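Report on the following structure.
Each value in this text was obtained by applying a stated rule to the coordinates, not by laboratory testing. These figures come from a predicted structure and were not determined experimentally. Methodologically, a virtual Cβ is constructed for each residue, glycine included, from the backbone with ideal geometry; neighbour enumeration extends over all protein chains shown.
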Amino acid sequence: MNTLSLQRVLTPMLALLLAIAALPLLANAADAADPGPPDWIFPVVGTDGVDFAYSDTFGAPRGAGRTHHGVDIGTYGIKGVPVVAAADGVIKDVNWSSEADDLNEERCCTLAIQHADGWETWYIHLNNDDPGTDNGLAWGIAEGILPGVEVKAGQLIGWDGDSGNAEGTIPHLHWEVHLNGAVVNPTPHADAALRILEAGVASIEPPCGEDLVCDTVVSVEDSGVWSLWDQLQWPVTKDSFYFGNPGDLPFMGDWDGDGIETPGLYRQSDGFVYVRDSNTEGIADLEFFFGNPDDVPLVGDFDGDGRDSVSIWRISEARIYIIDELGADGEGLGAAEYFFDLDSSSLVPFVGDFDGDGIDTIGYHDPSSSTVSLRNSNSAGEPDITFSYGDPGDRIIVGDWDGDGDDTVGLYRPSNGRLYLNFENASAPADWNGSAGFPKYLLTAGRQG
Ligand SMILES: [Ca+2]
Ligand SMILES: [Ca+2]
Ligand SMILES: [Ca+2]
Ligand SMILES: [Ca+2]
């Protein structure tokens, strides 16, 4: 059964769940002083609206005078969706037992985690069924998860299901948040949490060491909102501003040589490039006529003078035109300094200083072979390095993520909204990965000073 038809079958049950959600909150719901969400990971792996659904049911009546103390995170009828620790902590209870040698097996399956600063999170109705059954014989708690065991944010702790008093309902995680012993509404905490799409220790530390200057990323929406990440970490702090129109091709560069990269865009509809020298809202500081409608801008410092310029990937010719100066304001771009050809128009070129000599050169992604190739001079010829990297559909981005002076590959995977970065130009698991959401563009932002 595919997911879509499963969702259709479940619609009446979801409607019931939502009807319950619509009941008014009761005044006697516990209400501790809540300083707001810590930096948490969403407790169910998936993407809102695709793999899970929830609404604010905190305080809703649950019979016998009880009210709902949690948020029910439904998983569209699927049991066994990974449940992860919302934050670093220590397992406090397994099935309401704090004894590692007596886990109340007949009460499977629930977990409680003690976090820093008086926070606790509870995970209820974890799976207790063998696949395809409702037999109550399974153990939906991950191996090694016992009272007293330390867990990390995003670590797999179990799988969702219908255990306890949820037998017969659709599978969901009942998630509770407690602060200093009092239950608080978990919904705002769920809303603010980082979604992760695979269980595993979440990446929350920046890859950039202290006192180093590293590249970061910027997301650009079609609405023209640019959100510049302060650094690669969770939670992300961003500066957001408007620049450009729908349909513009965005990029970043250091146009004035002050060490800070700022926005530019190519408006294919009028053939002009517009650049701005600060990461703030406003009109372009410089505009010049750029090229043919299907030309792709390639930004870099190709002559090592400390300023970025906009070169051209002309797909129709499979040719790179290197241009070392920006155009004069309101006028055209000067003639290219030189050009060279790539082997195929199906390659996707990018720019970076792969050898750290201060001069940007061209690399390219070959989606047909899932490889990237890098060349350390701007000329035709064999690549200096080729290695397997990236799936079809991935978008390569390049930056100095660790601040050691050379640019290495990363990729943004639109299918899951994750950013994967490597610190060496080699085929290897990502050195860093994190959630980037689902922007239209995710670009290297470069140094910010
Ligand atoms: Ca600048
Ligand atoms: Ca330059
Ligand atoms: Ca170089
Ligand atoms: Ca580097």
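Quick notes
- Principal axis box of the stretch 315-356, alpha-carbon based, largest edge first, Å: 33, 31, 15
- The distance between label points at Trp139 and Glu205 comes to 3.2 nm (points 7 Å beyond Cα on the Cα→Cβ vector).
- Using distinct alpha-carbon pairs, which all enter the 1/r mean, Kirkwood radius of the stretch 215-447 in Å: 17.7
- For the stretch 94-140, the Kirkwood hydrodynamic radius from C-alpha pairs, put into Stokes-Einstein at 10 °C and a viscosity of 1.306 mPa s, yields a diffusion coefficient of 136 µm² per second.
- Straight-distance crosslink candidates among lysines, where the alpha carbon sits under 23 Å from Lys238 and sequence neighbours closer than 8 are dropped: Lys440
- Ordering of 132-141, 77-86 by packing [mean C-beta count within 10 Å, highest first]: 77-86, 132-141
- Helix-only mean residue ellipticity at 222 nm for the chain, each DSSP H run of n ≥ 4 adding -39500 (n - 2.57), per residue, nearest 500: -1500 deg cm²/dmol
- Net lengthening on full extension, Glu337/Asp270 (0.36 nm per residue, minus Cα-Cα): 21.7 nm
- Angle of helix 3-21 to the longest C-alpha principal axis of the chain, folded into 0 to 90 degrees and rounded to 10: 60°.
- Taking label positions 7 Å along the Cα-Cβ direction at both Ser344 and Asp239, the computed distance is 4.1 nm, reported to one decimal.
- Rg in Å to one decimal, and Dmax rounded to a whole Å, for the chain via C-alpha atoms: 25.8, 80
- 26 Å Cα-Cα reach of Lys92 towards lysines, excluding residues that sit fewer than 8 places from it in its own chain: Lys79, Lys152
- By the beta-carbon count within 10 Å of each Cβ, the least crowded to most crowded order of Arg195, Arg447, fewest first, is Arg447, Arg195.
- Value of Rg/Rh across the stretch 92-198 [Cα atoms, Kirkwood radius]: 0.95
- Put a dot 7 Å past the Cα of Gln114, heading toward its Cβ, do the same for Val213, and the two dots end up 4.6 nm apart.
- For the stretch 255-360, the fraction of alpha-carbon pairs lying more than 21 Å apart is 34 percent, rounded to a whole number.
- Normalised by 2.2 N^0.38 Å, where N counts its residues, the alpha-carbon radius of gyration of the stretch 199-329 equals 1.14.
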